[in-house]
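Everything on this sheet refers to the single structure shown next.
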Amino acid sequence: MNIKWNWGTGLFIAASLFILMIAVFAYFMFQQNFDLVERDYYPKALVYQQKIDKLNNTAQLPERAKVEIAGNSVIIRFPSAFHPDSVSGTVMFYRPSGVYGDVNIFIRLDSAGIISYPLSGLIKGNYLVKLDYNHGNTGYYQEETLRVP
């Protein structure tokens, strides 16, 4: 079989290769998994002013909550001025690398104003610890980074 090479044949081959390349790119594009970091980001954006107010309240505190690893636990120490029974809220261990691995716990302080959470409940890697709590009628919000070894 003898193919006659002219500009029409070259144009047909170039267009065919271009269409094949686009099809291959489209195939690989649809194989990718794009997880949203936050599943319900839109409702959270609507209440962002409340978060800003809580951040301002936290900035006015003389002492902030401290997050550290001690032994096999993550220790969260709340300000000593707060009475442990009057603190309520949530702690979120947020894993920025994906939706899996996030952990939410309710704040239940012991008599020293401390929360202890076992490291075995967390995947190794980086976390953003989001403290969203109330003391009395005042709301506070704080974020701390944590590296789980």
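Quick rundown of the values:
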| item | result |
| --- | --- |
| Residue match in the range 85-95 (condition: among the basic types (Lys, Arg) and crowded, with 16+ Cβ neighbours inside 10 Å) | yes |
| Unique residue being of a type outside the set (Phe, Trp, Tyr), surrounded by 10 or more Cβ atoms within 10 Å (Cβ to Cβ), at pLDDT 90 or above and outside the structural domain of GLY139 (by TED's automatic domain parsing) when the list is ALA26, ALA65, ALA59 | ALA26 |
| Failed item, numbered, when GLY101 is tested on (1) touching a residue at least 12 places away in the same chain (Cβ under 8 Å); (2) surrounded by fewer than 15 Cβ atoms within 10 Å (Cβ to Cβ); (3) on the phi > 0 side of the Ramachandran plot | (2) |
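The values are calculated or read from the model by the stated rules, or taken from the named source; none is laboratory data. The structure displayed is predicted, hence computed values, not measured ones. Counting neighbours? That spans all protein chains shown, and the Cβs are built from the backbone with ideal geometry, glycine included.
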